[in-house]
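As structure tokens, the structure follows; a few thoughts come after it.
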Amino acid sequence: MIWIPVVGTFLGLMIGILINVPFPARFDMYVALLLLSLLATLFGGIRASLENTFHTGICLSGFGSNLILALTLAFLGQQIGVDLYLAAVFALGLGLFKNLSQIVRLCMPQKQA
Amino acid sequence: MKARYLLFAIAVCTGVVGGWLLIQPVGDNAFEGETVLELRQLLDREQERALALNESLSEYESLLADYQHEQKAHTAAAMEETLEDLEKNAGLTDREGGGLLIRIKPEEHPYETDQHVRVEHLRRLLNDLNRYEAEDVAIGHERITTQSAFREVNQIPHINGNPLPALPLTVYVLTDEPAELKSQMQVAESVQWLENDRANVNMTPAEAVSLPAFSQELRMQHFSANEEGEK
């Protein structure tokens, strides 16, 4: 089960490097937030699938709402000169690590009681 | 099954975005934020401004140095000029120019030798010369200044502390109008006194009359040397 996202990520990396699409320097913050949202969704999806609670709608809506909120915060922060995107980075990063720790725990062999 | 496809798709998207970020040039201006770019531009502008200010500073410094040098040179030149004028007026320099030669000769007298002119006559002669605007006067080899002393020691006239030789004696007079001075001196009282005292006075205008410098030390009773730094 865990190998599907690993293979997908590897494949995506190859595609991204081969496509070689440059983007304007002023968008690098938004691209980083997009990457963070995707990672959060991916880790959440892996965890949910390991727990057998995966729901497509929740996954996609969660990704969309996360992305929209993160980009809005980043945009607003840039407009008013305050680094509001840090809030999104912090929240998404925290979720990422929580999901990762849960994944690691689920992957561990269960102790016999 | 559907979950697997979705996770795979999300993983691919994540990989693509990650790949994009990986291949972005690092350290290039395109990857740097606007703030850094602005700061760099500001730094460039400030460096250019600092360069321009340094240039103008060195320009003004050299200008100031030039002014100080000029001022010093100007002051020194003015002081030298003043000193020369003062020395000239005080009679401390040799002078040459047009003037009048007054030769005082003894009358032919078989029993008297080494006839000297009397100091009073010389003093009167000098007074008359000054009255008729003679510039500078030398009697024999003695330059007459405001400090020249006329004395008589053992019936020998002394000027500036030096004895005058016996007659004949020449008086050198510097003047702009030698002919006029000659005509005025010919009827002067002092010349009459000299002639009454058995001397012949002969006056000749000359184009080149040279006067020696006053050779004695100037007495400065009311002056003292100014120490450096005093005002």
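The values are calculated or read from the model by the stated rules, or taken from the named source; none is laboratory data. These numbers come from a predicted model, not from an experiment. Cβ sites come from the backbone with ideal geometry, for glycine too, and all protein chains shown count toward neighbours. Calculation scope for accessible area: heavy atoms of the full protein, side chains included, ligands and nucleic acids excluded. Shrake-Rupley method; radii C 1.70, N 1.55, O 1.52, S 1.80 Å.
Details
- Verdict on B:G27 being within 14 Å of chain A (Cβ to nearest Cβ) and at pLDDT below 85: yes
- A:L73 being assigned to a helix (DSSP H, G or I), of a type in the set (A, V, I, L, M, F, W, C), open to solvent by 60 Å² or more (accessible area, probe 1.4 Å) and more than 11 Å from every other protein chain (Cβ to nearest Cβ): no
- If you go through region B:130-149 and keep only what is hydrophobic (A, V, I, L, M, F, W, C) and buried (at least 18 other Cβ atoms within 10 Å of the Cβ), you end up with B:A134, B:V137, B:A138, B:I139, B:I144.
- If you go through region A:2-13 and keep only what is more than 7 Å from every other protein chain (Cβ to nearest Cβ) and part of a helix (DSSP H, G or I), you end up with A:W3, A:V6, A:V7.
- Positions within region A:33-50 being in contact (Cβ under 8 Å) with a residue 24 or more places away in the chain, at the interface with chain B (Cβ under 8 Å from one of its Cβ atoms) and open to solvent by 30 Å² or more (accessible area, probe 1.4 Å), in sequence order: A:L34, A:L39
- Counted as qualifying within region B:113-169 are the strands (runs of 3 or more DSSP E) with 3 or more residues that are modelled with pLDDT of 80 or more and either among the hydroxyl-bearing types (S, T, Y) or over 24 Å from B:G99 (Cβ atoms) (or both), namely B:150-153.
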